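One structure is given here, and the rest of the page talks about it.
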Protein chains: 2
Amino acid sequence: MARDAALERRVLDVLWQGGEWSVRQVLAEVDEPLAYTTIATVLDRLHEKGQVQRVKQGVSWQYWAARSKDEALAAEVGRLMARAEAAPEPMLVAFLDQVERVDPDALDRLEALLEARRQRK
Amino acid sequence: MARDAALERRVLDVLWQGGEWSVRQVLAEVDEPLAYTTIATVLDRLHEKGQVQRVKQGVSWQYWAARSKDEALAAEVGRLMARAEAAPEPMLVAFLDQVERVDPDALDRLEALLEARRQRK
DNA sequence: GAGTATCTACGACAAATCGTAGTAGGAGAC
DNA sequence: GTCTCCTACTACGATTTGTCGTAGATACTC
């Protein structure tokens, strides 16, 4: 029952909604019958890992995501790419395959983004 | 010292070179002072997880990767995309960012691939 | 055919990660 | 002062991964 980091991701998803959150607020938002301390522990561990930041507000902490969801996503992609050892060709193909599979229209949007990026440069 | 699956990946990298491998061959290729049984165990576990296949050759097994490196890569990308919950827009941007960072020229190749794909359809 | 080498099957153990929560103690609210 | 809430600390069990050891079967060599 432990190895997919599901709860950590769920908590991060809450924080990614933006703003600062107390443990209790996160607990309410996660909407699962979990103990207060469970969420507190998860937030604490995410803080140790540098994935969330926090500041003391009176007696309690306020937490927020250290990186936006998009940044986290980009980091994941980067890690994948690093693992693929640069050689991006198969990576590119794999990516297009997956994009197409999930959402065929996304290919058009991707092309638009590419175009925009080219202009910008 | 356990959680990054580094050895499993190293073993997979060996298998991805293609062909069938005995435990001993993999051990030699990995080129680390590890026990024979260490590699045997890793291969066994990868087999249990369906990541490698094997066939008995006399007394010993021959192993090979169940999926090519490219396929595994595509699966990873797919998993990432699923986690990003479809919303492919930030995913697309993140991807382009990373591609550009790793290899600016790859953007051109990506565009070519996109074009080709459009033709094909 | 006995001795040696080689494999596999099984089991183990330690470290790390993660889900989950209890307890103790402090600080504020009334 | 008592009640409530929060943090800090600790803990435990499951799972994953790295790393081997042992035992038993098979094969190769004289």
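The values are calculated or read from the model by the stated rules, or taken from the named source; none is laboratory data. Everything numeric here is computed off the predicted structure, so don't read it as measured data. FYI the Cβ positions are ideal-geometry reconstructions off the backbone, even for glycines, and counts take in every protein chain you see. Areas reflect the complete protein model, heavy atoms only, side chains present, ligands, DNA and RNA absent. Shrake-Rupley method; radii C 1.70, N 1.55, O 1.52, S 1.80 Å.
Being more than 8 Å from chain A (Cβ to nearest Cβ), of a type in the set (Val, Ile, Thr) and part of a strand (DSSP E or B) is a property that B:VAL55 has. Among the conditions (1) in contact with a Leu (Cβ under 9 Å, 6 or more places away or on another chain); (2) at pLDDT below 95, A:SER60 misses just one, which is (1). Does B:LYS49 satisfy the condition of being among the basic types (Lys, Arg), within 16 Å of A:LEU80 (Cβ to Cβ) and under 19 Å from the mean Cα position of the chain (by Cα)? So B:LYS49 does not fit the description; no.
Each row is one residue, and each column tells you yes or no for (1) away from DNA strand C (no atom under 16 Å from the Cβ); (2) open to solvent by less than 60 Å² (accessible area, probe 1.4 Å).
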| position | (1), (2) |
| --- | --- |
| B:LEU34 | no, no |
| B:GLY78 | yes, yes |
| B:MET91 | yes, yes |
| B:ALA94 | yes, yes |
| B:ASP105 | yes, no |
| B:ARG117 | yes, yes |
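Residues of segment A:31-41 include none that is part of a strand (DSSP E or B) and either within 14 Å of DNA strand D (Cβ to nearest atom) or among the aliphatic types (A, V, I, L, M) (or both).
The condition (being facing chain A (nearest Cβ under 9 Å) and within 21 Å of A:ARG10 (Cβ to Cβ)) is satisfied by just one residue among B:LEU80, B:LEU96, B:LEU92, B:LEU73: B:LEU80.
Scanning segment A:58-99 for residues that are part of a loop (DSSP other than H, G, I, E, B) and not aliphatic (A, V, I, L, M) returns A:GLY58, A:ARG67, A:SER68, A:GLU85. Contact annotation: no residue pair with Cβ atoms under 8 Å, 6 or more positions apart or on different chains, pairs a residue in segment A:25-39 that is within 11 Å of A:LEU7 (Cα to Cα) with a partner that is part of a loop (DSSP other than H, G, I, E, B) and more than 8 Å from DNA strand C (Cβ to nearest atom).
Kindly evaluate A:LYS69 against the criterion of being crowded, with 16+ Cβ neighbours inside 10 Å and basic (Lys, Arg). It is true that A:LYS69 is crowded, with 16+ Cβ neighbours inside 10 Å and basic (Lys, Arg).
Of the residues contained in segment B:19-27, none is found to be aromatic (Phe, Trp, Tyr), more than 6 Å from DNA strand D (Cβ to nearest atom) and farther than 13 Å from B:ARG54 by Cα. Filtering segment B:45-52 for residues that are hydrophobic (A, V, I, L, M, F, W, C) and either more than 16 Å from DNA strand C (Cβ to nearest atom) or open to solvent by 40 Å² or more (accessible area, probe 1.4 Å) (or both) leaves an empty set.
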